[in-house]
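See below for the structure under consideration.
Read-outs throughout are calculated quantities, based only on the coordinates presented, and are distinct from any laboratory measurement. Everything numeric in this text was worked out from a predicted model, so none of it was measured. All Cβ positions, glycine included, derive from the backbone under ideal geometry; neighbour counts span all protein chains shown.
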Amino acid sequence: MRLVLLGPPGTGKGTQGKMLEKELKIPHLSTGDILRETVKKSTFLAKKMAKYLKRGELVPDETVAEIIKKRLKKNVVSGFILDGFPRNISQAEILDNFLKEKGICLDRVIYLEAKEKILIKRLKDRRICFNCQAVFHLKSSPPQRDLICDYCNGRLTQRDDDKEETIKRRFHEYQEKTKSLIDYYRKKKILVKISADGDKQTVLKRILREVKYG
Ligand code: AP5
């Protein structure tokens, strides 16, 4: 199974990606997670990428495409769940060509949607572990101890791009660049629209129903 998770910030791509990884036993590859790990380093490239992430803007296509191709090489046959890639038509074409060279294609693109009001609440109260990147939400999935990660005892922090101004810019980037992928994949007849409104388990069930029986 080769899946892409698509949707505006906060729809739960990362959350569902991790749950689907367990259910379907295929790896979840998140460009956001990979880039956040990369910018922790003190290289020239890391510093350059950090600026894009902090501003809530897309990192240049070539940089992200190289990262994702490297990771996909290991998983391309057995299957994968891509979260955060592609983000625009140019990245979608890069992915199509890469898969075509291997003689395969995507099975489904899961488009998660919910009202912006709900998404903003999710993003403002999200906290992530600085150490292992586990994701929490202060109300819907709080850690057992205040601001301490349940999995590694790491410190929970707010993502730089979850500040109000940057959230607005990320929604703008989504509207300007990523939304056009809905039509791109609809034309290929692999787009599945799923409501991301509801608790995590409810959304997971909706996705699994489509992926297994749709
Ligand atoms: P990325 O990390 O991909 O950010 P995003 O697309 O904005 O998505 P988010 O991670 O904010 O949200 P999500 O949908 O994963 O929601 P989550 O599951 O965490 O990218 C970050 C940056 O990296 C970009 O801005 C860009 O700079 C760069 N980048 C990444 N990919 C790139 C690419 N391909 N090209 C160029 N640049 C790229 O959930 C959110 C919160 O809600 C959590 O607290 C969670 O616990 C909670 N929650 C989730 N589901 C539910 C639910 N059903 N009910 C209640 N709460 C829920």
Could you list, in sequence order, all residues of region 92-113 that are in a helix (DSSP H, G or I) and farther than 16 Å from residue 3 by Cβ?
-> 93, 94, 97, 100, 101
Taking region 69-91 and keeping residues more than 12 Å from the ligand (Cβ to nearest atom), on the phi < 0 side of the Ramachandran plot and part of a loop (DSSP other than H, G, I, E, B) leaves 76, 77, 78
Kindly provide the set of residues from region 32-83 that are within 16 Å of the chain's Cα centre (by Cα), farther than 23 Å from residue 164 by Cβ and of a type in the set (Gly, Ala, Ser), ordered by number.
-> 65
Residue satisfying all of: in region 45-65; in contact (Cβ under 8 Å) with a residue 24 or more places away in the chain and of a type in the set (Gly, Ala, Ser); farthest from residue 92 (Cα to Cα) among these = 56
Under 6 Å between Cβ atoms, at least 6 apart or on separate chains: pull out the pairs that start in region 66-88 with a residue that is without any contact (Cβ under 8 Å) to a residue 40 or more places away in the chain and over 10 Å from residue 27 (Cα atoms) and end on any residue that is near the ligand (Cβ under 9 Å from one of its atoms) and not basic (Lys, Arg).
-> 67/34; 68/85
When you look at residue 147, is it on the phi > 0 side of the Ramachandran plot and within 15 Å of the ligand (Cβ to nearest atom), yes or no?
-> yes
Residues in region 7-61 that are in contact with a strand residue (DSSP E or B) (Cβ under 9 Å, 6 or more places away or on another chain), over 17 Å from residue 201 (Cα atoms) and among the charged types (D, E, K, R) total 2
Tally the residues that are near the ligand (Cβ under 8 Å from one of its atoms), assigned to a helix (DSSP H, G or I), over 15 Å from residue 9 (Cβ atoms) and not β-branched (Val, Ile, Thr), restricting the search to region 52-64.
-> 1
Considering region 18-51 alone, what residues qualify as being within 14 Å of the ligand (Cβ to nearest atom) and closer than 17 Å to residue 131 by Cβ?
-> 18, 30, 32, 33, 34, 35, 36, 37, 38, 39, 40
Scan of region 1-42 for residues that are in contact with a Lys or Arg (Cβ under 9 Å, 6 or more places away or on another chain), among the polar types (S, T, N, Q) and more than 16 Å from residue 112 (Cα to Cα), ordered by number = 31
